[in-house]
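Have a look at the structure below, then the notes.
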């Protein structure tokens with residue numbers, strides 16, 4: 001397995017700063033990194049891959065470039081990748097048969113759904129035995145937990161939303177309790193351990209590999225993890 005060190009983390013954090021100004025650069029880098037993460041555990045060439053909560057077309061381009069039979073799925077029919085041969089559907093009731101998919105991929109969706117555990121159960125349900133689920137999400141207490149209202153969400157999600165609206169003249173896209181929810185690292189770890197699947201990876205997604213030890217420290221892990229990565233293999 002490749003070792004992910006500080007250089008990768010610095011590179012990713014640099015492109016994160018370009019999310020608003022140069023989104024193509026940001027999403028292309030994230031898509032390539034996602035492909036590399038999955039390729040450690042599954043042969044993508046020829047694999048059926050469903051992207052739950054799909055977004056920019058960069059992911060479609062990168063995963064299809066690796067040979068995957070990529071299907072983007074989102075509740076919003078206007079999402080770029082969904083307009084190009086995707087599926088409109090609800091993540092809490094995936095319109096897929098049990099055990100019908102080789103790989104389920106979901107990046108930064110869990111914090112936007114009201115029932116994250118139910119959504120994760122659905123992802124595992126549609127994965128075939130031996131198939132892989134990659135789930136990553138931004139936990140609420142991380143420095144980016146409030147998304148565009150960060151880091152003011154540490155003083156309260158509702159207060160952060162009001163501050164953003166005052167400064168920008170319009171409400172943020174991500175509103176706590178509506179389109180953004182308070183999920184923790186502990187929530188994801190509890191779900192993974194109770195899922196019945198084999199947990200292949202549980203570590204901070206964007207930090208060096210050594211940072212996986214943070215997950216052993218309750219409290220500290222909620223602030224320093226930034227984004228939790230879980231990779232599971234269905235038994």
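Some observations on this one:
- Subset of region 148-161 [part of a helix (DSSP H, G or I) and either surrounded by 16 or more Cβ atoms within 10 Å (Cβ to Cβ) or within 24 Å of the chain's Cα centre (by Cα) (or both)]: 148, 149, 152, 153, 154, 157, 158, 160, 161
- Total residues in region 211-234 satisfying the condition of being touching a helix residue (DSSP H, G or I) at 6+ places or on another chain (Cβ under 9 Å) and surrounded by fewer than 15 Cβ atoms within 10 Å (Cβ to Cβ): the figure is 3.
- Here residue 164 fulfils each of the conditions (1) part of a helix (DSSP H, G or I); (2) under 18 Å from the mean Cα position of the chain (by Cα) apart from (2).
- Scanning region 167-187 for residues that are without any contact (Cβ under 8 Å) to a residue 24 or more places away in the chain and either assigned to a loop (DSSP other than H, G, I, E, B) or in contact with a helix residue (DSSP H, G or I) (Cβ under 7 Å, 6 or more places away or on another chain) (or both) gives 169, 170, 171, 175, 177, 178.
- Of the residues making up region 79-120, those that are in contact with a helix residue (DSSP H, G or I) (Cβ under 8 Å, 6 or more places away or on another chain), under 18 Å from residue 195 (Cβ atoms) and part of a helix (DSSP H, G or I) are 110, 116, 117, 119, 120.
- Residue in region 117-135 that is surrounded by fewer than 16 Cβ atoms within 10 Å (Cβ to Cβ) and farther than 23 Å from residue 229 by Cβ present: no
For every residue, the table says whether it meets (1) outside any strand (DSSP E or B); (2) modelled with pLDDT of 90 or more; (3) surrounded by fewer than 21 Cβ atoms within 10 Å (Cβ to Cβ); (4) in contact with a strand residue (DSSP E or B) (Cβ under 6 Å, 6 or more places away or on another chain).
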| position | (1), (2), (3), (4) |
| --- | --- |
| 11 | yes, yes, yes, no |
| 14 | yes, yes, yes, no |
| 25 | yes, yes, yes, no |
| 32 | yes, yes, yes, no |
| 42 | yes, yes, yes, yes |
| 49 | no, yes, no, yes |
| 67 | yes, yes, yes, no |
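- Filtered residue count, region 69-78, keeping only those that are within 19 Å of the chain's Cα centre (by Cα) and part of a loop (DSSP other than H, G, I, E, B): 2
- Region 69-78 - residue that is out of contact with any helix residue (DSSP H, G or I) (no Cβ under 6 Å at 6 or more places or on another chain) and crowded, with 16+ Cβ neighbours inside 10 Å and, of those, nearest to residue 117 (Cα to Cα): 73
- Region 41-62, subset in contact (Cβ under 8 Å) with a residue 60 or more places away in the chain and over 15 Å from the mean Cα position of the chain (by Cα), residue nearest to residue 82 (Cα to Cα): 42
The values are calculated or read from the model by the stated rules, or taken from the named source; none is laboratory data. Small disclaimer: the values here were computed from a predicted structure and weren't measured. A quick note on method: Cβ atoms are made from the backbone with ideal geometry, for glycine too, and the neighbour counts reach across all protein chains shown.
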